[in-house]
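Colleague: So that we are looking at the same thing, I have put the structure below in C-alpha cells.
The values are calculated or read from the model by the stated rules, or taken from the named source; none is laboratory data. Being a predicted model, the structure only gives us computed values, none of them experimental. So basically every Cβ, Gly included, is an ideal-geometry build from the backbone, and we count neighbours across all protein chains shown.
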Amino acid sequence: MVLRIENLFFSFSESKNPVLKNINLDIGRGEFIALMGPNGSGKTTLALCMCGIIPHFFHGKYKGKVLVNKKNILHHAIHDITRDVGVLLQDYESQLFLPTIEEEIRFQMENFGLSADEKIAELFSDETFSYLLKKKLFSLSEGEKQKAILTSILCVNPDILILDEPTSQLDRREKEQLAKTLEKLNKEGKTIILITHDTCFAKHCSRFVVMRHGEIVEDTSDMTFLSKSSIGALGIEPEKYQWNTIKTCKSAEEKTKISIKNLNYKTQTPVLENINASIKNNEFILLLGGNGSGKTTLVKHVIKLLDIQAGEIKMNGTALEKYSQQDIVKQAGFIFQNPDHQIFKNSVEEELQLTLDLVKKENSGKKIDEMLSFFDLEKYRNKSPQALSAGEKHRVTLASVLVSEPEIVILDEPLTYLDFDGKMQLIEYLADLKKRGKTIIVISHRPGYYKSLVDRTFVIKNRRLTEQ
C-alpha cells in the first residue's frame, strides 16, 4: 500500500464537531481513485491529512494514523512527505509565489535539489505551454494559473498525486489534455487521487470513494457507478443527467440594458479587439471561450473594474464613465471565478450585510434570512467564510451578491465548486431571476447546464466576440 489511513478522526481547533470520523482507507500503488461527495463532506480535509498539511500546518484534534509509503506523517516533516506526494490544492493560488511561471517551476524543482534547465527547455518547446512561461502571474486567467501549478507539480515526478478539483477552471480542450496526461501517468504506475464534483472527468478513474458528513459511505470499483441515478442522493451528479428540464417563458424586452461599441483592451499584447454587443432587458446571455480568451476581462469592463482604453460601454443608455462605482454595485452584481477574491468579513452574515450596506438596502435582516435559507447557509451564519469548503464559500459569494437583488447578474463559472444539490438550486434560482425580469450574463466552460435558460450565446476567440 502506498497510502494507508487507520481510524482517522480530525476536528479543527475552533470546532467542536469532527470533520473526519473514523476514516479507514487503503490505496495501492497505481490506483486511480475519484474521491467524491457533497460540499462540506470532508474531502479536502482528508486530502490535507494525506499529504501532512494536517496536522503539521493546520492544527486541531487529531487521532489515528496516516501512512505514506509506510511513513507515519506524524513523524516526518512536510518536505519529506511531499517528495512522495504532489498536491494541487483547491485554493490553487496559495501555491503561487513568484512573478512568472518559469520562476515558479524553477523554484519548485530546486527545492527538491533538481536541475530545472532541461525541463524548462522542454516546456519552451511545447506550443501548448510555452506562451505561459514568461507571462506575469497577475496577467494569467484562473485556468492558466491552475494549469501552470499542475505542471510545476508534475515536474518533480512524485509517486502519488492528490488533485483537488483540478478541472475547476479548465476549458474543454484543457480538460481533455489533462485526462490524457493523468491516464498516461497512471499507466506508468503513478497513484492518482482525484477530488472532484465533475462526474464526466471522474469516469477516467477506476475506483470511486464517496464521503458524506465526514465519513466514507461508499467505496466501489463498479464502472457503472457514475451512471446510476441513485448517486444523486449521495450529492453526486449522475453522468448524462439532463439539465434542460426547467422552462422559462419570459422573453427579452426590446429595451437595451448594456451596449458595447468598439471596445479594445491590451496589456503587453492585445486582449480584446473591436468588441461589439447589445444586451437587452431580461436576456440570459452565455459567454464562452477558452482559458485566457478574455471573457472575464470583458465583464470586468462592464462593471468598471477595468478602465476603458478605447471604445464605449453604456448601461441603461448612459455612458459607463458617468456612473460611480457605488451606482454600478446597485445595478450589477458580479460573482468572481475564485470565491476567495470577494470574501472580506469575519462571518457569513456580515458578508451579506456588507452588500446591503453598500447599496443602502432596507429591511436587510429578512432578506439575509431568506438567502441563508435558500443557499443552505443558516448553520454557518456566525462562522468565518474562510473556514468553509470551496463549495460552501462559493455559496456564500452567490448569496452575498444576490441578496441585493441587482437588475444585472454576472456570474463567472458559478457552478464550479458546487455539488449536485447546489447546482440544481442555482439553476432553479437563475430561472426564477429570469422570470422576474433580470438581465443575466454567465461565463462558463459548461454550456449544457444552461440549455433551458439561454437566449443568446457569444464566443470570444482570437480576441474577437461573435454570436453563435
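Colleague: What about LEU453, is it part of a loop (DSSP other than H, G, I, E, B), in contact with a Phe, Trp or Tyr (Cβ under 6 Å, 6 or more places away or on another chain) and crowded, with 18+ Cβ neighbours inside 10 Å? Explain how you work it out, then say what you get.
Modeller: Details: part of a loop (DSSP other than H, G, I, E, B): yes; in contact with a Phe, Trp or Tyr (Cβ under 6 Å, 6 or more places away or on another chain): yes; crowded, with 18+ Cβ neighbours inside 10 Å: yes.
Yes.
Colleague: I'm trying to understand the selection: among the residues of the stretch 344-355, which are aliphatic (A, V, I, L, M) and surrounded by fewer than 20 Cβ atoms within 10 Å (Cβ to Cβ)? Spell out the reasoning first.
Modeller: Keep residues of the stretch 344-355 that are aliphatic (A, V, I, L, M), which gives 348, 352, 354.
The answer is LEU354, and nothing else.
Colleague: Here's something else I'd like to know. Out of ASP327, ASP357, ASP376, I need the residue that is on the phi > 0 side of the Ramachandran plot and acidic (Asp, Glu). Which one? If you could, list the steps in order and put the result at the bottom.
Modeller: Details: ASP327 fails: on the phi > 0 side of the Ramachandran plot; ASP357 fails: on the phi > 0 side of the Ramachandran plot.
Only one candidate passes the filter, namely ASP376.
Colleague: If you don't mind, there's one more thing I want to ask. From LYS361, LYS366, grab the single residue that is touching a residue at least 24 places away in the same chain (Cβ under 8 Å), among the charged types (D, E, K, R) and either closer than 18 Å to SER444 by Cα or not in a strand (DSSP E or B) (or both). Even if it seems obvious, please write down each step before you answer.
Modeller: Values: LYS366 fails: touching a residue at least 24 places away in the same chain (Cβ under 8 Å).
When all the criteria are applied, what remains is LYS361.
Colleague: Here is a follow-up. Please pick out the residue among ASN7, ASN17, ASN69 that is within 29 Å of PHE420 (Cβ to Cβ) and of a type in the set (S, T, N, Q). Walk me through how you get there before you give the answer.
Modeller: Numbers: ASN7 fails: within 29 Å of PHE420 (Cβ to Cβ); ASN69 fails: within 29 Å of PHE420 (Cβ to Cβ).
Within the list ASN7, ASN17, ASN69, the selection yields ASN17.
Colleague: What number of residues in the stretch 119-144 are under 23 Å from the mean Cα position of the chain (by Cα) and β-branched (Val, Ile, Thr)?
Modeller: Selection size over the stretch 119-144: 1.
Colleague: Moving on to the next point. State whether the residues of the stretch 279-289 include one that is in contact with a strand residue (DSSP E or B) (Cβ under 6 Å, 6 or more places away or on another chain), among the aromatic types (Phe, Trp, Tyr), in a helix (DSSP H, G or I) and at pLDDT 95 or above.
Modeller: no
Colleague: Answer yes or no as to whether LYS63 is among the basic types (Lys, Arg), surrounded by fewer than 20 Cβ atoms within 10 Å (Cβ to Cβ), free of Cβ contacts under 8 Å to residues at least 24 places away in the same chain and in the same structural domain as PRO158 (by TED's automatic domain parsing).
Modeller: When the stated conditions are applied, LYS63 does not pass them.
Colleague: Mind checking which pairs have a first residue in the stretch 433-448 that is more than 23 Å from ARG173 (Cα to Cα) and in the same structural domain as TYR417 (by TED's automatic domain parsing) and a second that is surrounded by fewer than 17 Cβ atoms within 10 Å (Cβ to Cβ) and among the basic types (Lys, Arg), Cβ under 6 Å, 6 or more apart or different chains?
Modeller: LYS435/LYS250
Colleague: Mind checking whether some residue in the stretch 380-392 is buried (at least 17 other Cβ atoms within 10 Å of the Cβ), touching a residue at least 40 places away in the same chain (Cβ under 8 Å), under 24 Å from GLU239 (Cβ atoms) and of a type in the set (Ser, Thr, Tyr)? Reasoning before the result, please.
Modeller: Initial filter on the stretch 380-392 (buried (at least 17 other Cβ atoms within 10 Å of the Cβ)): 380, 383, 385, 388-392.
In the following step, the residues that additionally are touching a residue at least 40 places away in the same chain (Cβ under 8 Å) were identified as 385, 388-392.
Now drop any that are not under 24 Å from GLU239 (Cβ atoms), which leaves 389-391.
Cutting the leftovers down to of a type in the set (Ser, Thr, Tyr) gives us 389.
Yes, that holds for at least one residue.
Colleague: Please specify each residue of the stretch 224-278 satisfying the condition of being within 28 Å of the chain's Cα centre (by Cα), modelled with pLDDT under 85 and basic (Lys, Arg).
Modeller: Scanning the stretch 224-278 gives a single hit, LYS247.
Colleague: Follow-up question, since we're still on this one. List pairs: first in the stretch 403-424 and touching a residue at least 12 places away in the same chain (Cβ under 8 Å), second in a loop (DSSP other than H, G, I, E, B) and among the acidic types (Asp, Glu), Cβ under 9 Å, 6+ apart or cross-chain?
Modeller: Correct list of pairs: THR416/GLU165; TYR417/GLU165; ASP419/GLU237; PHE420/GLU237; ASP421/ASP376; GLY422/ASP376; LYS423/GLU237.
Colleague: Could you tell me whether any residue of the stretch 328-335 is under 29 Å from LYS261 (Cβ atoms), surrounded by 13 or more Cβ atoms within 10 Å (Cβ to Cβ) and under 18 Å from the mean Cα position of the chain (by Cα)? Show your work before the answer.
Modeller: Filtering the stretch 328-335 down to residues under 29 Å from LYS261 (Cβ atoms) leaves 328-335.
Within this subset, residues satisfying the condition of being surrounded by 13 or more Cβ atoms within 10 Å (Cβ to Cβ) are 328-335.
Retained after the next criterion (residues that are under 18 Å from the mean Cα position of the chain (by Cα)): 334-335.
Among the residues of the stretch 328-335, at least one is under 29 Å from LYS261 (Cβ atoms), surrounded by 13 or more Cβ atoms within 10 Å (Cβ to Cβ) and under 18 Å from the mean Cα position of the chain (by Cα), which makes the answer yes.
Colleague: So in the stretch 288-300, with the set limited to residues that are in contact (Cβ under 8 Å) with a residue 40 or more places away in the chain and closer than 12 Å to LEU272 by Cα, which one is surrounded by the most Cβ atoms within 10 Å (Cβ to Cβ)?
Modeller: Restricting attention to the stretch 288-300, the residues satisfying the condition of being in contact (Cβ under 8 Å) with a residue 40 or more places away in the chain are 288-296, 298-299.
After this cut, where a residue has to be closer than 12 Å to LEU272 by Cα as well, the list is 292-296, 298-299.
Numbers: GLY292: 20, SER293: 23, GLY294: 25, LYS295: 27, THR296: 21, LEU298: 25, VAL299: 21.
Among residues in the stretch 288-300 that are in contact (Cβ under 8 Å) with a residue 40 or more places away in the chain and closer than 12 Å to LEU272 by Cα, the one surrounded by the most Cβ atoms within 10 Å (Cβ to Cβ) is LYS295.
Colleague: Which helices (runs of 4 or more DSSP H) sit wholly inside the stretch 110-220 and have at least 3 residues that are within 27 Å of GLU237 (Cα to Cα)? Break it down into steps so the answer makes sense when it comes.
Modeller: Numbers: elements: 117-124, 130-133, 142-154, 172-187, 199-202.
So the answer is 142-154, 172-187, 199-202.
Colleague: Report the residue count in the stretch 5-31 for those that are surrounded by fewer than 18 Cβ atoms within 10 Å (Cβ to Cβ) and of a type outside the set (D, E, K, R). Let's see the steps before the verdict.
Modeller: So in the stretch 5-31, the residues surrounded by fewer than 18 Cβ atoms within 10 Å (Cβ to Cβ) come out as 6-7, 9, 12-17, 21-22, 24, 26, 28-30.
Going one step further and asking which of them are of a type outside the set (D, E, K, R), we end up with 7, 9, 12-13, 15, 17, 22, 24, 28, 30.
Residues meeting the conditions: 10.
Colleague: Does GLU362 count as closer than 24 Å to LYS434 by Cα, more than 19 Å from the chain's Cα centre (by Cα) and loosely packed, with under 15 Cβ neighbours inside 10 Å?
Modeller: Details: closer than 24 Å to LYS434 by Cα: yes; more than 19 Å from the chain's Cα centre (by Cα): yes; loosely packed, with under 15 Cβ neighbours inside 10 Å: yes.
Answer is yes for this residue.
Colleague: Any residue in the stretch 109-136 that's touching a residue at least 24 places away in the same chain (Cβ under 8 Å): show its pairings with residues that are basic (Lys, Arg) at Cβ separation under 6 Å, as long as the two are six or more apart or on different chains.
Modeller: Partner pairs satisfying both residue conditions: ALA116/ARG106.
Colleague: Out of everything in the stretch 312-327 that is among the small types (Gly, Ala, Ser) and within 16 Å of LYS300 (Cα to Cα), what residue ends up being surrounded by the fewest Cβ atoms within 10 Å (Cβ to Cβ)? Give the steps one after another, and end with the answer.
Modeller: Start the filter on the stretch 312-327 by keeping residues that are among the small types (Gly, Ala, Ser), which leaves 317, 319, 324.
Next, from what is left, pick out any that are within 16 Å of LYS300 (Cα to Cα): 319, 324.
Working: ALA319: 12, SER324: 9.
Here the residue is SER324.
Colleague: On to the next question. Going by the structure shown, is SER400 within 19 Å of the chain's Cα centre (by Cα) and either closer than 26 Å to GLU14 by Cα or part of a loop (DSSP other than H, G, I, E, B) (or both)?
Modeller: Working: within 19 Å of the chain's Cα centre (by Cα): yes; either closer than 26 Å to GLU14 by Cα or part of a loop (DSSP other than H, G, I, E, B) (or both): yes.
Taking the combined requirement at face value, the residue satisfies it.
Colleague: Also, quick follow-up: Being more than 17 Å from TYR241 (Cα to Cα), surrounded by 20 or more Cβ atoms within 10 Å (Cβ to Cβ) and hydroxyl-bearing (Ser, Thr, Tyr) is the filter here; which residues of the stretch 423-450 pass it?
Modeller: THR439, SER444
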